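See below for the structure under consideration.
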Amino acid sequence: MKKITTFLIVGCIIFLISCAKDKDLNKFLSIEIPAGFPQPVYQFTNNQPTQKGFDLGRMLFYDQGLSKDGTVSCGDCHQQFAGFGNLDHATSHGVDNCFGKRNAPVLFNLTFKDNFFLDGGVTNLELAPLNAMTDPCEMANDLNKILVYLKSKPEYQQAFQKAFDSDEITSQKMFRALAQFQGMMISADSKYDQVKAKTAQFTDQELRGYQLFSAKCASCHKEPLFSDNSFRNNGLDITSLDLGRSTITSLASDDGKFKVPTLRNVEVSRPYMHDGRFKTLEQVLDHYQNNIKPNKNLDPLLKQDLALTDTYKADIIAFLKTLTDLTFLKNPKYSEE
């Protein structure tokens, strides 16, 4: 009897230690706000990030099973090596070989945004994935079918249990896990950031490019996020195929206006513009110098000659390449495996 009691006590101790270790693994995570960055807009209210919640979010992000035919994941259109954009795809490429009408935006520093997508149609990070999941040219699925799929997988039952202390799988928990993963994607360790931290120096050309950028581009692409999160008409042709911001506001004054994109990691996130029409940064700068189309909604800042000579363009591009954050692009915690 004494041996049995001792055995039970030892077993309980081992069990409690195991539980404690497992609980420790699901540690709380916090975002370190990079120097000079604004306060986050998305505060993770009622969604405190944990390691297990983050892991579940990553699992969901890379799961093609969330699409209608099991062929497309979030990660297929948002590739880490491209700043979580879609390298060399003009527009998103979804199920049934369907191509959407817009270029897939990069995904990082999302907690500092108050709206999402090129038209600002979503204002909460937790709801942003719903569009891709249900869009007929992206993942083309139904939310109820996604939940049925998740509930059928023992690995998801276990992952939700670890992340939320409950094996109940709901859409809210799914979106919150994705928000934990995507919200923790912070890109702030480029050469530009290192220069600001005084741990690196620009080359002469990069410095000239930075000075030109500050004079000619920074009004819209405001540091340190390199976007002011506004909606502007930048002189592309306005077509009924995609009127941009006005599809949300129904205001004619918003026709042809799209979100000013961040320029962080722009070197690796080609092609450019809302429809991916430009394959190179040189083509982008050529547009701003030579091909702006006047229209009633054209941004006032673009009604003047930017005087971008070929030398100036080369210098600006040299600076833009200092915004490439290799630490972020290669960070294994954001990768599929």
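The values are calculated or read from the model by the stated rules, or taken from the named source; none is laboratory data. From a predicted model like this one, the values you see are computed outputs, not experimental measurements. Counting neighbours? That spans all protein chains shown, and the Cβs are built from the backbone with ideal geometry, glycine included. We work out accessible area using only protein heavy atoms, side chains counted, and drop any ligands, DNA or RNA first. Shrake-Rupley method; radii C 1.70, N 1.55, O 1.52, S 1.80 Å.
Computed values, structure above
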read-out	value
Projected label distance in nm at Q157 and F117, using a 7 Å step from Cα toward the beta-carbon	3.5 nm
Accessible carbon and sulfur surface of the chain relative to its total accessible area, %, 1.4 Å	54 percent
E336 long-range amide H proximity, modeled H, under 5 Å	none
Sequence-separation-based contact order of region 191-327, relative, with Cα cut under 8 Å and 6+ spacing, percent	33 percent
Per-pair calculated FRET efficiency, R0 = 35 Å: S230 and E336 via Cβ, rounded to 0.05	0.55
For region 256-263, 3J(HN,Hα) per residue [Karplus equation, 6.51 cos²θ - 1.76 cosθ + 1.60, θ = phi - 60°, Hz, x = Gly/Pro]	x, 9, 9, 4, 5, x, 5, 9
With all protein chains modelled, accessible area of H78 [1.4 Å, Å²]	30 Å²
Pairs from K101/K257; K198/K222; K101/K279; K259/K321; K279/K313 whose Cα-Cα separation, in the structure shown, is over 18 Å	K198/K222; K259/K321
D55 accessible area, assembled protein chains, probe 1.4 Å, Å²	50 Å²
Where labels lie 7 Å past Cα in the beta-carbon direction, separation of K27 and D305 in nm	5.9 nm
Relative contact order (%) - criterion: Cα under 8 Å, at least six apart; region: the chain	20 percent
D96-A200 pseudo-label distance in nm [points 7 Å out on the Cα-to-Cβ vector]	4.5 nm
Nearest-10 value in Å² for the accessible area of S152, using the 1.4 Å probe	70 Å²
Solvent-accessible area per residue, Å², over region 35-186 with all protein chains present [probe radius 1.4 Å]	42 Å²
For the chain, with +1 on Lys and Arg beta carbons and -1 on Asp and Glu, the positive-most of F61, T134, T170 along the dipole	T170
